Amino acid sequence: MSLPTTITIAFLVLAGLILPSVHSLSNNSKPNFQDIVSKMRADLPQPKQASPSVSLSNIDYASPPSCVAQEARSLNLFSTTPLIHSAPLSRLCHPHPVFLKLDLLQPSGSFKDRGMAHLCTTVKKMHNSASNSDTADRMKVISSSGGNAGLAVTTVARNIPQMDVSVIVPETTKPLVVEKLRSLGAEVTIHGKNWNAADALARQRVDDAKKSGGGAVYVSPYDNPLLWTGHSTVIDEIITQLLEQSFDQATTQTNNMKIGAVLASVGGGGLLCGILEGVERNYHGSNEIRSNLVRGTKVVACETEGAASFAASFNSDNGSIVCLDGIHSIATSLGATSVTPAVIQRSRRHRDRGEISSSGDDVMSYVCTDGEA
């Protein structure tokens with residue numbers, strides 16, 4: 001049987017976020033959803049009859065390219081989440097099947113458990129090593145987030161021995177979130193009118209702790225390579241799970257199977273950095289089947305108007321970081337006034353690789369209204 005190109009939606013986002021054109025924004029005329037789907041169909045490779053190749057049954061296709069975040073996974077600090085086929089979205093994008101990666105089933109409720117788990121286990125190991133003991137004195141991680149990052153670092157840290165967590169949240173944080181953080185064991189401080197003010201206090205407290213000889217580590221909600229590496233495990237999982245899907249494995253050949261696109265929302269760029277890292281690691285890996293699966297993959301960065309800091313920077317002439325004057329979207333816990341510079345660098349590298357090799361690799365930016373989202 002022939003196996004069509006696969007569109008993978010990495011997380012629970014609306015199908016309407018599929019971008020109509022390559023890394024471009026249209027301020028004058030926004031296409032409707034049917035136009036977007038038609039354009040994506042045209043951009044993706046069409047299914048072809050399978051030619052002779054290595055069968056799934058004859059290769060260890062499920063092995064990831066490396067043991068990424070192995071310690072965090074062994075401690076069950078994040079989960080392997082389901083990848084489910086969406087019949088309604090697949091009908092819209094026929095003949096390309098669409099899958100949803102359900103990372104809302106992580107212990108804290110978001111993908112951020114992946115990065116926080118890898119970061120926290122790594123810094124704890126470094127702390128213990130510096131103290132020449134596997135059971136070193138207690139250490140504290142200090143973060144700034146009134147949203148998913150705060151919940152993730154608290155959920156992870158409470159399951160790591162000898163680790164305390166302090167979270168600085170802005171005054172706009174919902175009381176329900178503050179109560180949940182405290183119920184999970186976090187020391188919570190409410191400070192400042194926005195995240196930037198809360199983050200400044202978090203950094204100050206880390207500096208103060210270091211001056212007094214304490215073992216405190218600053219944890220960014222999105223701007224740390226350890227976070228990105230942890231987030232990249234979602235791509236390893238998606239590849240493995242797609243290859244495990246029951247497409248009559250006794251006869252299925254893999255040479256026509258592709259991930260056409262991965263869609264994800266963007267705030268500060270941590271998740272997008274991880275997705276691009278995971279795609280690149282598998283692309284350059286030694287497993288030919290896994291590499292072929294992500295050759296030509298488009299990564300679609302989705303934002304809402306009033307919080308589109310990635311789009312502003314990615315579409316600038318020289319890729320310089322654009323800082324928004326504020327978040328003017330209901331997505332207040334997601335939005336960031338600026339993205340990490342690394343996400344622009346990685347996005348352009350992924351796009352350039354596709355242009356140089358003519359493989360189709362690309363990064364797309366799509367911005368929709370709050371109502372459309």
message: Could you tell me the relative contact order of the stretch 82-173? Use alpha-carbon pairs under 8 Å, at least six residues apart, and round to a whole percent.
response: 24
message: If I ignore ligands, DNA and RNA and count only protein heavy atoms, how much of Trp195 is accessible to a 1.4 Å probe, in Å² to the nearest 10?
response: 70
task: Note down the accessible area of Met139, probe 1.4 Å, to the nearest 10 Å².
output: 10
message: Suppose all protein chains stay in the model; what accessible area per residue would a 1.4 Å probe give for the stretch 264-373, in Å²?
response: 37
- prompt: Could you give the alpha-carbon Rg of the stretch 97-172 over 2.2 N^0.38 Å, rounded to two decimals?
  reply: 1.27
Accessible carbon and sulfur surface of the stretch 244-373 relative to its total accessible area, %, 1.4 Å: 49
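Could the peptides 315-322, 74-81, 289-296, 145-152 be put in order, highest first, of the mean number of other beta-carbon atoms found within 10 Å of their residues?
145-152, 289-296, 74-81, 315-322
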statement: Total charge of the residues flanking Glu237 in space, meaning their Cβ is under 11 Å from its Cβ, with Lys and Arg +1 and Asp and Glu -1, is 0
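Output the pairs from Lys124/Lys174; Lys124/Lys211; Lys140/Lys210 with a Cα-Cα distance over 23 Å in this structure; if there are none, say none.
Flagged as over cut-off: Lys124/Lys174.
Could you tell me the ratio Rg/Rh of the stretch 233-373? Both radii from Cα atoms, Rh via Kirkwood.
Answer for the stretch 233-373: 1.03.
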field: Asp137/Arg91 FRET efficiency (R0 56 Å; Cβ-Cβ; nearest 0.05)
entry: 0.45
task: Return the long-range amide H neighbours of Ser265 (sequence gap of 5 or more, or a different chain), with a cut-off of under 5 Å between placed amide H atoms.
output: Cys302
field: Dipole of the stretch 183-328 [Lys/Arg +1, Asp/Glu -1 at C-beta], most positive-end residue of Leu263, Phe314, Gly230
entry: Gly230
Nearby aspartates and glutamates by direct alpha-carbon distance to Lys193 (threshold 16 angstrom, same-chain neighbours under 8 apart not counted): Glu171, Asp325
- line: Taking a crude spin-label model, label points 7 Å out from Cα along the C-beta direction, the Asn315 to Glu171 distance in nm is 3.4
statement: When every protein chain stays in place and a 1.4 Å probe is rolled, Glu179, Glu303 sorted by accessible area with the largest first are Glu179, Glu303
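What FRET efficiency would be calculated for the residue pair Thr80, Arg353, taking the C-beta separation as r and a Förster radius of 35 Å, to the nearest 0.05? All intermediate terms of the calculation are to be shown ahead of the outcome.
Details: r = 28 Å, r/R0 = 0.81.
Here the calculated transfer efficiency is 0.80.
The values are calculated or read from the model by the stated rules, or taken from the named source; none is laboratory data. The shown structure was predicted, so the numbers you read here are calculated from the model rather than taken from an experiment. For neighbour counting, all protein chains shown are included, and Cβ atoms are generated from backbone atoms with ideal geometry for every residue, glycine included. Surface accessibility is based on the protein's heavy atoms, side chains included, excluding ligands, DNA and RNA. Shrake-Rupley method; radii C 1.70, N 1.55, O 1.52, S 1.80 Å.
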